[in-house]
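First comes the structure, then the notes that go with it.
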Amino acid sequence: MANVFTRPSDSTSQTVINVDTAFTLDKADCPCVVHNLGATGTIEVELPQDAKVGTTVQAIVTAAQILRFNTTGGAFYINGAAQTDGKYIGVPAVINSGILMVCIGNDDWITVNEVGTVLVEA
């Protein structure tokens, strides 16, 4: 289940999404802040495949559980290096850990402003 608190159409604020089960983001949800308050295990979030360049998704751990992010087939760039296409990244299970992801096109996302060590699928 996800609680989605949407922003007014004339606002520059972000949508806030509380996820405690697997969730697929839609490009209309973005820009957004995703958190996992109430989660009792690892939560998987699918990023929007058709996101526009510059779309942002911020993740903040609010329950001591991993927040995992996937793309449909694109890659994540961490510290300037591309990870393997289709592999997930995760925010560690430490409250207040977080990451900001920015779409750079072609279902690829760059990570910035990491708080904690980003987990990468092997």
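The Cα atoms of the chain give a gyration tensor whose axes a ≥ b ≥ c have a/c of 1.5 or more with a/b no greater than b/c, which makes the shape oblate. By other beta-carbon atoms within 10 Å, ranking Asp108, Asp26 with the fewest at the front produces Asp26, Asp108.
Across the chain, C-alpha contacts under 8 Å between residues 6 or more apart give a mean separation that, scaled by the residue count, equals a relative contact order of 20 percent. Taking each residue as 0.36 nm, the span from Gln49 to Asn106 lengthens on full extension beyond its C-alpha to C-alpha distance by 19.7 nm.
Quick check on the stretch 10-52: take the gyration tensor over C-alpha atoms, sort the square-rooted eigenvalues as a ≥ b ≥ c, and tell me if it's rounded (a/c under 1.5), prolate or oblate. Each step should come with its number before you reach the end.
Values: a/c = 3.79, a/b = 1.50, b/c = 2.53.
It comes out oblate by the Cα gyration axes.
Couplings 3J(HN,Hα) of the stretch 76-83, computed from phi: 9, 10, 10, 6, x, 10, 6, 8 Hz, in residue order, whole Hz [Karplus 6.51 cos²θ - 1.76 cosθ + 1.60, θ = phi - 60°; x for Gly and Pro]. Available extension along the chain between Lys87 and Thr42 is 14.6 nm, counting 0.36 nm per residue and deducting the alpha carbon span. For the stretch 2-120, DSSP calls about 60 percent of its internal beta bridges antiparallel. Annotation: the residues Cys30, Cys103, sorted from fewest to most other C-beta atoms within 10 Å of their own C-beta, follow the order Cys30, Cys103.
None of the figures in this text is laboratory data; all of them are computed from the coordinates on show. Quantities reported herein were computed from a predicted structural model and do not represent experimental measurements. Positions of Cβ are backbone-derived with ideal geometry, glycine not excepted, and every protein chain shown enters the neighbour counts.
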